[in-house]
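Report on the structure given below.
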């Protein structure tokens, strides 16, 4: 059971309570459920921004610069950075330490990195739960920063009100992004490092790709914003485009509608994860172990074993 | 119900029956289960090779050249290529057409591309089921070719007896591969385009990364093989390294043991997918729809709704 004191401190934006709560979300599913039930009424005020793109596009730099920009407007910023770190490196969060020096000492900023492997539960569930913690703690803006590869990462980027896809003018980058499904989740695109050669051609080919897309009935016009994040160029344009998208969503009553759509997916994930937990116990694991050899020898199909396990689960 | 005739033709390696069977696996879960139950006793003779790595590393070229090499040894080769194509491009399989000209007219080769989105069922399930179809049809070698990003792609690469990770000497490529979890699934590494500048440094940094890893008790020594696949250089070395790994597995009784481990995961996936199918029906979907607004308004937590749905499912 989550202590009342932790909830109180979390809701009053105490950083240690926020950190403790996110650790619970990451490591203890039962406690996490209890915590999230207790804070749910305080969730829903933060605006959520997803920043995604291929490795090396400058997502972290943009996140840092945007955070500084929002801090000047006195907005509190929570960052959930999803780092595809393999377990055998010990999940080195070097990026975090670099950031901590820059923006992490600011009381109005909270940064949390999550590894993609080696923790309990689904990655996107943990990241979205962490955002709920930050939301309840009173952060005005929550930024999900994630590499745009793989389904979990897409799920996280999609869990934002506004999703920004960051690309660089490398040849083929736009095509790769399209293939990886990034264009479908983008609300606008940032062409970072736009002082590099090939930037104009990259923007042209992006525009071609965007023209191929079906147009949204609500007629949101997707822009491409140039930036050189390392020199703080274009950051204000990115912030303005986020605000323009937020206004568009508000004027078309889409904020609630979109959140309901995402919530549907999230509840389904919660249900499926809970069932999995109940399904795999000592009994079913032992049955599985004892059946494997028969399957390898060709005496039973994996589908027969699966049916048997399901039938046992139901009875 | 799958017709006896299709099964007969499939088992006699008829290409149209193979194509039809893989289409069933991709599009019709109930029929797929029936088919796979009927062919299971014929599955298990093929040796499976995973070829993975970042986009642009030359995986397709290596797959094609390796296929030509194996064909000279009179081995039949089935290829399952997983292409992260987004649905709105219509899943353009240009790569396939290019290949078809080169190796696809050969009766001893079968190539199938799979899109990562827009089909029923999990991607890795479909790819592994397709490999079973090819295995039953008498292909001696099955190559999974997949971009090394995201969990599904890792799952597919891991479903092979021997997994080859292809890198190019770009700065940071090795580090990215490590972060993406590729090093953990590699049985050996190919440094393709090894005539490029920086190749030696890239190999040195790879060796450093490999030294950081825990050593396997069975003492498999992971090699780094240089290649220039576009000029057919190093292909024979890659084939020899695959054979060396196969011998290592055989001598240490690891082929069956590894297949059992993978089978355990696969059966779990089958069970979980089947339960999901049963879980989400009109009734549960409608209940979910009617509850969403309450959650958005903060009157109910997603966890309450989830518990209600689970309790309904069980009763």
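The values are calculated or read from the model by the stated rules, or taken from the named source; none is laboratory data. Here the structure is a predicted model, which means the values were calculated and not measured. Quick reminder, even Gly has a Cβ in these numbers, built from the backbone with ideal geometry, and neighbours come from all protein chains shown.
I'm checking my understanding of the structure. Among residues of the range B:247-266 that are within 23 Å of residue B:73 (Cα to Cα) and touching a helix residue (DSSP H, G or I) at 6+ places or on another chain (Cβ under 8 Å), which one is modelled with the lowest pLDDT? Among residues in the range B:247-266 that are within 23 Å of residue B:73 (Cα to Cα) and touching a helix residue (DSSP H, G or I) at 6+ places or on another chain (Cβ under 8 Å), the one modelled with the lowest pLDDT is B:255.
Selection of the range B:108-159 for residues being in a loop (DSSP other than H, G, I, E, B), modelled with pLDDT of 95 or more and closer than 23 Å to residue B:270 by Cβ yields B:137, B:139.
Kindly check whether there is at least one residue in the range A:220-235 that is farther than 29 Å from residue A:152 by Cβ, modelled with pLDDT under 90 and assigned by TED's automatic domain parsing to the domain that holds residue A:185. Yes - at least one qualifying residue is present in the range A:220-235.
Considered as a group, the residues in the range B:270-286 that are over 25 Å from the mean Cα position of the chain (by Cα) and facing chain A (nearest Cβ under 10 Å) include one that is modelled with the lowest pLDDT, and that residue is B:278.
Every residue, every condition in (1) touching a strand residue (DSSP E or B) at 6+ places or on another chain (Cβ under 8 Å); (2) under 22 Å from residue A:299 (Cβ atoms), yes or no:
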| site | (1), (2) |
| --- | --- |
| B:10 | no, yes |
| B:14 | no, no |
| B:26 | yes, no |
| B:31 | no, no |
| B:36 | no, yes |
| B:48 | yes, yes |
| B:62 | yes, no |
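Quick check: anything in the range A:295-307 more than 30 Å from residue B:254 (Cβ to Cβ) and either in a helix (DSSP H, G or I) or touching a helix residue (DSSP H, G or I) at 6+ places or on another chain (Cβ under 7 Å) (or both)? No, the conditions are met nowhere in the range A:295-307.
Residue selection: residue B:216 satisfies the criterion of being more than 30 Å from residue B:34 (Cα to Cα) and either surrounded by fewer than 21 Cβ atoms within 10 Å (Cβ to Cβ) or modelled with pLDDT under 85 (or both).
Flag not set for residue B:97, criterion: at pLDDT below 90 and either part of a loop (DSSP other than H, G, I, E, B) or under 25 Å from residue B:259 (Cα atoms) (or both). Within the range B:288-303, the set of residues being farther than 14 Å from residue A:264 by Cβ and at the interface with chain A (Cβ under 7 Å from one of its Cβ atoms) comprises B:298, B:301, B:303.
Is it the case that residue A:267 is in a helix (DSSP H, G or I) and within 9 Å of another protein chain (Cβ to nearest Cβ)?
Details: in a helix (DSSP H, G or I): yes; within 9 Å of another protein chain (Cβ to nearest Cβ): yes.
So residue A:267 passes the test.
Here residue A:259 does not qualify as surrounded by 13 or more Cβ atoms within 10 Å (Cβ to Cβ) and either more than 9 Å from every other protein chain (Cβ to nearest Cβ) or not in a helix (DSSP H, G or I) (or both). The residue that is nearest to the other protein chains (Cβ to nearest Cβ), among those in the range B:237-249 that are loosely packed, with under 15 Cβ neighbours inside 10 Å and under 14 Å from residue B:48 (Cα atoms), is B:247. If the requirement is being free of Cβ contacts under 8 Å to residues at least 24 places away in the same chain and farther than 22 Å from residue B:277 by Cα, which of these qualifies: A:254, A:297, A:249, A:288? Being free of Cβ contacts under 8 Å to residues at least 24 places away in the same chain and farther than 22 Å from residue B:277 by Cα holds for just one of A:254, A:297, A:249, A:288, which is A:297. Note on the range B:1-13: among residues that are surrounded by 15 or more Cβ atoms within 10 Å (Cβ to Cβ) and at pLDDT below 95, the one that is nearest to residue B:160 (Cα to Cα) is B:13. Taking the range A:15-58 as the range and being within 14 Å of another protein chain (Cβ to nearest Cβ), part of a helix (DSSP H, G or I) and within 17 Å of the chain's Cα centre (by Cα) as the test, only A:25 passes.
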